[in-house]
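I have placed the structure first, in the form of structure tokens, so that the comments after it can refer back to it.
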Amino acid sequence: MTAFNAFGAGSTPQDVSYLLQNTKTPQPVVDGFDESKLDAIPWQELRSSWLEIDLGAIRNNTVVARRALSAGTRLCAVVKADGYGHGSVPVAKTALAAGAAFLAVATVPEGVELRKAGIIAPILVLSEPPATAAAVLLHYHLLPSVYTSEFAIAYAEVADSAGMSAPFHLAVNTGMNRIGVRYDQVIDFLRAITFHRALKLEGTFTHFATADCPEEFDFALQFRRFQEVIATMRQFGIDPGLVHCANSAALLRYPKTHMDMARLGISLYGPHPCEETRPYYDLRPAMSLHARITAVNTPPMSEGVSYGMHYRSPGSVKICALPVGYADGFPRALSGQTSVIYNGRLCRQVGNICMDQCMFEVDMRLYGSSSRLDPQVGDEVILMGSQNGACIPIEELAARCGTIPHEIMCALALRLPRVYR
Ligand SMILES: *Cc1c(COP(=O)(O)O)cnc(C)c1O
């Protein structure tokens, strides 16, 4: 018996010389096409599925939030995760033009991207970066969230040696137990780091775990702890800087949480944080999902459709294929559980959603001669969004697969191109 060896009989994993001998340097393809011209072809000519981003909706939602806030409260637009999949730069520019004064991101590279796009508004990084990011934070004027003395001192040292101050926001853990200095250790923490002359406390914040829930006990406890932290800091003569705690749910439901600034994330993009806010605010969804039909089949009665053939044709239906699948972030859990909008009418999605494609059914039986649908390759379909009163809201898609709109948005943006309106 000889052991199986991926590198072939007689060679060891280290001995790859035979591979090198057989490897030729790849040659550029020589044909009649100019690669730079090919690269300039718009994506619309290369693929038939896309996200539409309605910047008017972002503007509307910013204004709705602004109106909910008192004049003295700053609005911070949370554009982390590439603006929840909507594109952080266009969203940030639109929100700032509509009244936001501050931006928040999750990571240092996300902040750098905004600066390189010419955005000069203050930017808060909502987590503590590695200390190795200190110079980048300082150069691009990104405010880190701070909750460890190791980071604080390292950051201050880099600032000091560059002759700069080291501004930061203090993250306080009031009960979510994700990040932050625990609410009863804030004074000790600040005492341990404020000997460093470069450090400059410009803001103090916390984050709610349950501001969107009907049950208010945990929310109220977090808010009370936060108010006590701020009061104690002031008693000790420490200026907390900008005091902020509200996310979308708290911004829309609890005016007392507004304080100096409120951080608007999910509702900037349209979804309500919870059912409780729906009757009171006119939020508009910014993202919709579109595709063109790539194939039309008329399978005989009882023939199956897609992997597993969990759907079988009842006859008199056309099965249309769309170039959208779970690798585009269209969840496979929605298989047979959703609809698409074709010509202003809802049509059932049928069969398992594949990696890159899915199918829907158009019933050809005549209900009235004027309303008969005749789907053709190239026709546009909406998988998420609305048209002529037919509506497939992202909240509904998320609920059907046991998640929240945030996750659907982020996943859709990973491969689908965006069109801005
Ligand atoms: C993501 C995030 C927000 C925005 O929350 P939404 O519920 O989407 O409004 C606010 N603050 C922090 C710290 C966050 O991480």
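The values are calculated or read from the model by the stated rules, or taken from the named source; none is laboratory data. Quick caveat, the model's predicted, so the values are computed rather than measured. Note that each Cβ is placed from the backbone with ideal geometry, even for glycine, and that neighbours are counted across all protein chains shown.
See the values below:
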item: Within segment 168-207, considering residues that are part of a loop (DSSP other than H, G, I, E, B) and more than 15 Å from the ligand (Cβ to nearest atom), the one modelled with the highest pLDDT; result: Ala198
item: Within segment 174-213, considering residues that are among the polar types (S, T, N, Q) and surrounded by fewer than 22 Cβ atoms within 10 Å (Cβ to Cβ), the one farthest from Arg224 (Cα to Cα); result: Thr194
item: Yes/no for Ala411 being within 16 Å of the ligand (Cβ to nearest atom), touching a residue at least 12 places away in the same chain (Cβ under 8 Å) and surrounded by fewer than 19 Cβ atoms within 10 Å (Cβ to Cβ); result: yes
item: Cβ-Cβ under 8 Å pairs, at least 6 apart or on other chains, segment 60-80 side over 12 Å from Leu251 (Cβ atoms) and within 14 Å of the ligand (Cβ to nearest atom), far side β-branched (Val, Ile, Thr) and part of a strand (DSSP E or B); result: Val79/Val105; Lys80/Val105
item: Any pair with Cβ under 6 angstrom, 6 or more apart, that starts in segment 195-222 at a residue that is under 19 Å from Tyr155 (Cα atoms) and ends at one that is assigned to a strand (DSSP E or B) and more than 16 Å from the ligand (Cβ to nearest atom); result: Ala198/Ala166; Leu199/Ala166; Lys200/Pro167; Glu202/Pro167
item: Whichever residue in segment 254-267 is touching a helix residue (DSSP H, G or I) at 6+ places or on another chain (Cβ under 9 Å) and more than 22 Å from Thr403 (Cβ to Cβ) and, among such residues, is farthest from the ligand (Cβ to nearest atom); result: Lys256
item: Qualifying positions in segment 208-238 - of a type outside the set (A, V, I, L, M, F, W, C) and away from the ligand (no atom under 13 Å from the Cβ); result: Pro214, Glu215, Glu216, Asp218, Arg224, Arg225, Gln227, Glu228, Thr232, Arg234, Gln235, Gly237
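Here is a yes/no grid of residues against (1) of a type in the set (Phe, Trp, Tyr); (2) in a loop (DSSP other than H, G, I, E, B); (3) surrounded by fewer than 19 Cβ atoms within 10 Å (Cβ to Cβ):
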site	(1), (2), (3)
Ser267	no, no, no
Arg284	no, yes, yes
His290	no, no, no
Met301	no, yes, yes
Gly308	no, no, yes
Ile319	no, no, no
Val324	no, yes, no
Gly336	no, yes, yes
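Residue by residue, here is whether (1) out of contact with any Leu (no Cβ under 6 Å at 6 or more places or on another chain); (2) more than 16 Å from the ligand (Cβ to nearest atom); (3) in contact (Cβ under 8 Å) with a residue 12 or more places away in the chain holds:
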residue: Tyr269; (1), (2), (3): yes, no, yes
residue: Glu276; (1), (2), (3): yes, no, yes
residue: Pro279; (1), (2), (3): yes, yes, no
residue: Ala291; (1), (2), (3): no, yes, yes
residue: Tyr307; (1), (2), (3): yes, yes, yes
